[in-house]
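Have a look at the structure below before the remarks.
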Amino acid sequence: MSGEFEQLVAEFERFQAGIRHADDRFAGLGAMRQQLTELRASAASADGGVTVVTGPGGAVLDVKFTEAALAKGPQALSATLLTTLREAIGEAARRQAVIVEENMGDGLGLVDQVLETQAVAFGTTVEELRSKLTEAPPRPEDFSEQRVLRPADPPPAPPTAGPSAGDRFLRNLFDEED
């Protein structure tokens, strides 16, 4: 009887561990969603004439042209724009895969799959694309807890010039009862 009981206890503990594991994974979904929402990737053409900014899913958020890029003519501008778009969208997909993998675990090999697919599509190597993952710009420093205009004021020193008006009132109140 005790062997069966121990087996039931062990199964129950495994079940509880599975629930804790699922809870832990789902607890990070809100943070992952926030990271994906804030995702931005940008690429600039080799000559700097075209810049593309993309967001989650490779959505194009901004495209900028310099006067020099516009002066090259429609065919050259079109080719440069397409190349820059592919780079920005590819960067967004790689960053998105990294965020998902960091939050959901490496069991899917998501980053490797994205890199392999992009290497074939872009005619490059997985190693070259992997090196771009480490070149991602650092996250901006968080200044939300810092004062912007001036340093924090020191707390005011307690008055030393005798009793306050409140102290005098309380003393008078209690002195009259005697």
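The values are calculated or read from the model by the stated rules, or taken from the named source; none is laboratory data. None of the values given here were measured: they were computed from a predicted structure. Accessible surface is based on the protein model in full, side chains and every heavy atom, while ligands, DNA and RNA are left aside. Shrake-Rupley method; radii C 1.70, N 1.55, O 1.52, S 1.80 Å.
The figure for Ile89 is an accessible area of roughly 70 square angstrom, using a 1.4 Å probe on the protein chains alone. Within the accessible area of the stretch 77-126, the carbon and sulfur atoms contribute 60%, probe 1.4 Å, all protein chains present.
On the principal axes of its alpha-carbon atoms, the stretch 1-61 has extents of 78, 20, 12 Å, going from largest to smallest.
Here Leu133 sits with roughly 40 square angstrom of accessible surface, probe radius 1.4 Å.
For the stretch 64-106, the alpha-carbon radius of gyration amounts to 1.72 times the rule-of-thumb value 2.2 N^0.38 Å expected for a compact globular protein. Per residue, the stretch 37-122 exposes 54 Å² of accessible surface when a 1.4 Å probe is rolled over the protein heavy atoms with every protein chain present. Given 20 °C and 1.002 mPa s, how large is the Stokes-Einstein diffusion coefficient of the stretch 35-98 in µm²/s, with Rh as the Kirkwood radius over Cα pairs? My calculation gives 182 µm²/s for D. Counting only protein heavy atoms and using a 1.4 Å probe, the accessible area of Ser2 comes to about 80 Å².
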